[in-house]
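The values are calculated or read from the model by the stated rules, or taken from the named source; none is laboratory data. Just so you know, these numbers come straight off a predicted model, no measurement behind them. Counting neighbours? That spans all protein chains shown, and the Cβs are built from the backbone with ideal geometry, glycine included.
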Amino acid sequence: MNITEVRVKLIHSQTDKLRGFATITIEDAIVIRDLKIIEGTQGLFLAMPSRKLCDRCAKCGGKNHLRARFCNDCGTRQKELRGDTDDRGRPRLYADIAHPINQSSRDVVQQRVISAYHDELARSKEEGYVATTFADLDYDAYDA
């Protein structure tokens, strides 16, 4: 797998574990956006782009996130603990949109993105630094 470009958007919030977003280009042919760089208990790791899992209201059929207590459409109270659980017994609330097929591929992607994050972080401390632009994405909301 040839990762031909990595772009990193730093997030400077000290109250959150999110440290940045990344976009990778593979073989100058495929782009994967919204990879999250997160500060975990054992250092930085990469979270793949994901979407919230939803279910349907039993009364009206409206679509609701699994943690919703009430239906977004009709207001009916939803059952607790809906949906599947993961290997640790925790509710599975998100599903990856794109992800590596095996651990070695995940390691390659994570190593390249974390390396690019450290490079961008070092550049951000230099005089005259101009942040990487992500004009097509709405990451500015995380800088607040």
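Within segment 7-25, is there a residue that is over 21 Å from the mean Cα position of the chain (by Cα) and over 18 Å from Leu121 (Cα atoms)? No: zero hits. Residue under question is Asp84, and the condition is that it be outside the structural domain of Ser105 (by TED's automatic domain parsing), modelled with pLDDT of 90 or more, over 30 Å from Val113 (Cα atoms) and among the acidic types (Asp, Glu); does it hold? Answer is no for this residue.
If you filter segment 55-83 down to residues that are assigned to a strand (DSSP E or B) and in contact with a Gly (Cβ under 9 Å, 6 or more places away or on another chain), you find that the one that is surrounded by the fewest Cβ atoms within 10 Å (Cβ to Cβ) is Arg56. Evaluate the following for Ala95: is it part of a strand (DSSP E or B), of a type in the set (Gly, Ala, Ser) and at pLDDT below 90? When the stated conditions are applied, Ala95 passes them.
Within segment 1-29, the set of residues being of a type in the set (A, V, I, L, M, F, W, C), part of a loop (DSSP other than H, G, I, E, B) and within 16 Å of Ser115 (Cβ to Cβ) comprises just one member, Met1.
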